[in-house]
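Just so it is clear, none of the values below were taken in a lab; they were calculated from the coordinates. Predicted model, so just to flag it, every value in this text is computed and none were measured. Note: ideal-geometry Cβ built from the backbone for every residue, glycine included; neighbour counts use all protein chains shown.
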Amino acid sequence: MPDYQIKHDRPNCIGCGACAAVAPDYWEMSPVDGKSNLKGSIHIKLESGEDGEQRDIAQAQYTPNKEAADSCPVNVIHLFDKTGKKII
């Protein structure tokens, strides 16, 4: 069981690049539409019904991804603990 899970509300990403600047091992900017991509993610349906991205991460991967989430000006990066409780 993973320690954490990231969900990315990609449709609402504004493409500012903050996540990719803070955590380039996990985030990159798409050359197609200029929005961020969560590296190693799977595509999911979000609660809103829109397409999103999801990736499980270990404790060692938490800090850079928390920094990426904190840096997002539109709050489209969400972290959940292993119980499913939303952290951000």
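The number of residues in the range 31-88 that are of a type in the set (Lys, Arg) and either exposed (fewer than 13 other Cβ atoms within 10 Å of the Cβ) or part of a strand (DSSP E or B) (or both) comes to 5. Here PHE80 meets each of (1) free of Cβ contacts under 8 Å to residues at least 60 places away in the same chain; (2) within 10 Å of TYR4 (Cβ to Cβ); (3) in contact with a strand residue (DSSP E or B) (Cβ under 6 Å, 6 or more places away or on another chain); (4) hydrophobic (A, V, I, L, M, F, W, C) with one exception, condition (1).
Whether a residue is of a type outside the set (Lys, Arg), over 13 Å from the mean Cα position of the chain (by Cα) and closer than 22 Å to PRO2 by Cα was assessed, and GLU47 passes this test. Among the residues making up the range 18-30, those that are surrounded by fewer than 16 Cβ atoms within 10 Å (Cβ to Cβ) and either within 20 Å of LYS86 (Cα to Cα) or in contact with a Ser or Thr (Cβ under 8 Å, 6 or more places away or on another chain) (or both) are ALA21, GLU28, SER30.
Out of all the residues in the range 23-61, which are under 11 Å from PRO11 (Cα atoms), charged (D, E, K, R) and touching a Leu at 6+ places or on another chain (Cβ under 9 Å)? Residue satisfying the conditions is GLU53 alone. Within the range 1-30, if we keep just the residues that are part of a loop (DSSP other than H, G, I, E, B) and either touching a residue at least 60 places away in the same chain (Cβ under 8 Å) or among the hydroxyl-bearing types (Ser, Thr, Tyr) (or both), the residue that is farthest from GLU67 (Cα to Cα) turns out to be MET1. Between ASN37, ASN65, ASN75, the distinction of being at positive phi, under 12 Å from the mean Cα position of the chain (by Cα) and among the polar types (S, T, N, Q) belongs to ASN75 only.
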